[in-house]
Amino acid sequence: MLIGNLGKDPDVQYLEGNIAVAKFPLATTETFKDRAGKLISQTEWHTVVLWRGLAELAQKYLHKGSLVYIEGRLKTRSWEDKEGNKKFATEVVGDNLIMLDKRADVSGPAPGSGEHGMEGLSSVDIPPIGDANDLPF
């Protein structure tokens with residue numbers, strides 16, 4: 001389970017059979033006080049991969065800076081580069097996505113609500129974890 005901000009717009013590609021896959025970096029930030037009482041922030045970057053309907057949802061509604069809650073699992077893959085060196089990548093394969101951005105139009109339906117055919121995916125009113133101007137990108 002991760003809560004963070006997108007580092008860039010989702011990159012959506014379509015595989016054989018018109019299967020959508022979206023990939024984007026997600027920044028999660030932990031803030032704490034050190035022994036001297038100084039506020040310390042540490043940002044970690046995660047690569048998130050979404051498939052099918054979640055990928056299409058991301059393409060339609062998410063952009064750089066969007067605040068999201070992601071549930072998923074870690075997936076590590078490996079390959080050999082052109083020089084024969086073994087490379088590894090660990091990604092978060094998302095199973096559930098909740099958009100946490102404040103809605104622009106409070107009177108209208110939330111993006112991802114049932115009106116758009118995305119049942120089970122909705123935006124919720126949770127206080128933001130910081131201002132988009134505080135993002136490290």
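Structure values in brief
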| quantity | calculated |
| --- | --- |
| Count - residues of segment 58-85 that are within 22 Å of the chain's Cα centre (by Cα) and assigned to a strand (DSSP E or B) | 11 |
| Search result, residues across segment 22-48 that are crowded, with 17+ Cβ neighbours inside 10 Å and either among the hydrophobic types (A, V, I, L, M, F, W, C) or in contact with a helix residue (DSSP H, G or I) (Cβ under 8 Å, 6 or more places away or on another chain) (or both) | Ala22, Phe24, Leu26, Ala27, Val48 |
| Residue list for segment 40-57, restricted to those being in a strand (DSSP E or B) and more than 11 Å from the chain's Cα centre (by Cα) | Ile40, Ser41, Gln42, Thr43, Glu44, Trp51 |
| Condition met for Val106 (open to solvent by less than 20 Å² (accessible area, probe 1.4 Å) and either under 27 Å from Glu30 (Cα atoms) or modelled with pLDDT under 95 (or both)) | no |
| Long-range neighbours under 7 Å by Cβ, at least six apart or interchain, first residue closer than 7 Å to Leu6 by Cα and open to solvent by 10 Å² or more (accessible area, probe 1.4 Å) within segment 52-67, second small (Gly, Ala, Ser) and in a helix (DSSP H, G or I) | Gly65/Ala132 |
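The values are calculated or read from the model by the stated rules, or taken from the named source; none is laboratory data. Being a predicted model, the structure only gives us computed values, none of them experimental. Reconstructed Cβ throughout: ideal geometry from the backbone, glycine too, with neighbour counts over all protein chains shown. For accessibility, only protein heavy atoms count, side chains too; no ligands or nucleic acids. Shrake-Rupley method; radii C 1.70, N 1.55, O 1.52, S 1.80 Å.
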